[in-house]
Amino acid sequence: MSTIETVFTNARLADGSLYDIGVVGGRISAITPAGQGGPGGTVVDLAGALLVPSFVEGHIHLDTSFYGDKWIPHKPCTNGFDVHERVAFQAQNMAQAAAMDVRARNQLDLCIGLGSVKMRSHVMVDGSVGLKSLETILAVREEYAGLIDIQLVAFPQSGILKSPGTPELMDEAVALGADLVGGLDPGSFDRDVNGHLDVVFGIAEKRGVDVDIHLHDAGTLGAFTIEEICARTVALGMQGHVAVSHAYGLGDLPPEAARKIADRIARSGVSIMTNAPGNHNFPPVALLRAAGVTVFSGSDNIRDSWWPYGDGDMLGRAMMIGYRSGFYTDDELNAAFDVVTASGAKALRLEGYGIEIGAKADFVALAAEHVPEAVVAIPKGRQVFKDGRLVARNGVVIR
């Protein structure tokens, strides 16, 4: 048996009991009632703090955030929400922003400091920017390798079919180091659901990578597109490897139609990401989870061209999801927490996640008695551990 390198004593787990957590080689090697474990090396006394798995930031945009940069006033669309117009505003704002690598580091420090050491970021790859944004974020990812695990999605922000050269760029992006292939509103943006999905799933099949598609389309168009994504997922045997982000249209459907499509999504193994945005209907979290759908979350935009909000706190996001979903009981609050932790890990197919023997020692210590309290109180004084090493305290990253 390997000698325990670090023992985290007096850790309060989800059942409320105190335990000692042994860590060897960055993984949990022992979990014993407090005071009953064997000798170890370094001792870290958590003094009864609630120990939870690190949060999963399942949807963010490292290349387009202005967090830590000068304030850029939000510019509203001229005639209701319009993706094309927002993309144009984003291009204007990016031209006057600080260097992308600086802004990406600011955002990563924010997220790590609050407890996310698992992340999926979408990065623009299309005819408007080529591969420049991805190359920048790949370099930043390498710089932060010991602090956070980051998946990158090749994201066609300007569309696929409408942006010349984008299919080839997305394929090249995966070869360059992107982990997933993305998409954007196949119906309303490119106005060709099949043509758009042909490219996305074609690259995924060719390169052996997962898929995560932005879908803002409302109502029946959104539902139809999800059905098409589910069908392709099953046809290609990609169950568990596909996600739809936002899926606003699921929140527009009457209950019976929502239950019907939820069953189909569950059978296809497609995951649904929601950040419970304030001015949109959003997927019915409880209904989807009851059907067996994996629902996960992310901050999405943080102080960028789409909205001025966002604080990188996935525990706060759990509260927001619970608040907007009408979650009040302890079981419901635990479900909101699951969306930003275990379900996020499942959607991202993370290996070794959780507080269990053999899992990676990636966890957060919180000033709370239990998970429901943590969700509603959102305690800020946190210790964040990656591979058993302290990487942030009270919001400050430790290098």
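For this structure, a couple of remarks:
- Of all residues making up region 288-322, the number that are of a type in the set (A, V, I, L, M, F, W, C), open to solvent by 10 Å² or more (accessible area, probe 1.4 Å) and within 30 Å of T78 (Cα to Cα): 3
- Among the residues of region 242-256, just one is within 13 Å of A291 (Cα to Cα) and touching a residue at least 24 places away in the same chain (Cβ under 8 Å), namely P255.
- Every condition in (1) more than 17 Å from T6 (Cβ to Cβ); (2) of a type outside the set (D, E); (3) crowded, with 22+ Cβ neighbours inside 10 Å; (4) over 21 Å from the mean Cα position of the chain (by Cα) holds for G388 except the one numbered (1).
- All of A345, A374, A365 fail the test of being at pLDDT 95 or above, within 22 Å of A30 (Cβ to Cβ), assigned to a helix (DSSP H, G or I) and in contact with a strand residue (DSSP E or B) (Cβ under 6 Å, 6 or more places away or on another chain), apart from A345.
- Qualifying position, being in contact with a helix residue (DSSP H, G or I) (Cβ under 7 Å, 6 or more places away or on another chain), among the aliphatic types (A, V, I, L, M) and either more than 29 Å from R393 (Cα to Cα) or open to solvent by less than 20 Å² (accessible area, probe 1.4 Å) (or both), among V364, V285: V285
- Residue in region 226-245 that is at positive phi and touching a strand residue (DSSP E or B) at 6+ places or on another chain (Cβ under 6 Å) present: no
- Criterion: in contact (Cβ under 8 Å) with a residue 60 or more places away in the chain, among the acidic types (D, E) and surrounded by fewer than 20 Cβ atoms within 10 Å (Cβ to Cβ) - qualifying residue of E332, E356: E356
- Pick from region 119-137, criterion open to solvent by less than 10 Å² (accessible area, probe 1.4 Å) and not in a helix (DSSP H, G or I), ranking: modelled with the lowest pLDDT: D126
- Residues that are surrounded by fewer than 23 Cβ atoms within 10 Å (Cβ to Cβ), free of Cβ contacts under 8 Å to residues at least 60 places away in the same chain and in a loop (DSSP other than H, G, I, E, B), drawn from region 138-159: Y144, A145
- Scan of region 283-320 for residues that are within 16 Å of L110 (Cα to Cα) and of a type in the set (G, A, S), ordered by number: G298, S299, G310, G312, G316
- When region 213-249 is filtered for residues that are within 19 Å of the chain's Cα centre (by Cα) and assigned to a helix (DSSP H, G or I), only Y248 remains.
- Filter pass, A223 being without any contact (Cβ under 8 Å) to a residue 40 or more places away in the chain and not polar (S, T, N, Q): yes
- Taking region 17-94 and the strands (runs of 3 or more DSSP E) fully enclosed by it, the elements with 2 or more residues that are more than 27 Å from E5 (Cβ to Cβ) and open to solvent by less than 10 Å² (accessible area, probe 1.4 Å) are at 55-60.
- Residues (over 19 Å from I261 (Cβ atoms), free of Cβ contacts under 8 Å to residues at least 40 places away in the same chain and not small (G, A, S)) located in region 204-220: E205, K206, R207, V209
- Restricting region 302-330 to residues that are in a loop (DSSP other than H, G, I, E, B) and of a type in the set (A, V, I, L, M, F, W, C), the residue that is modelled with the lowest pLDDT: W306
The values are calculated or read from the model by the stated rules, or taken from the named source; none is laboratory data. Computed from a predicted structure; not experimentally measured. All Cβ positions, even for glycine, are placed from backbone atoms using ideal geometry, and neighbour counts span all protein chains on display. These area figures cover heavy atoms from the full protein model, side chains too; ligands, DNA and RNA do not enter into them. Shrake-Rupley method; radii C 1.70, N 1.55, O 1.52, S 1.80 Å.
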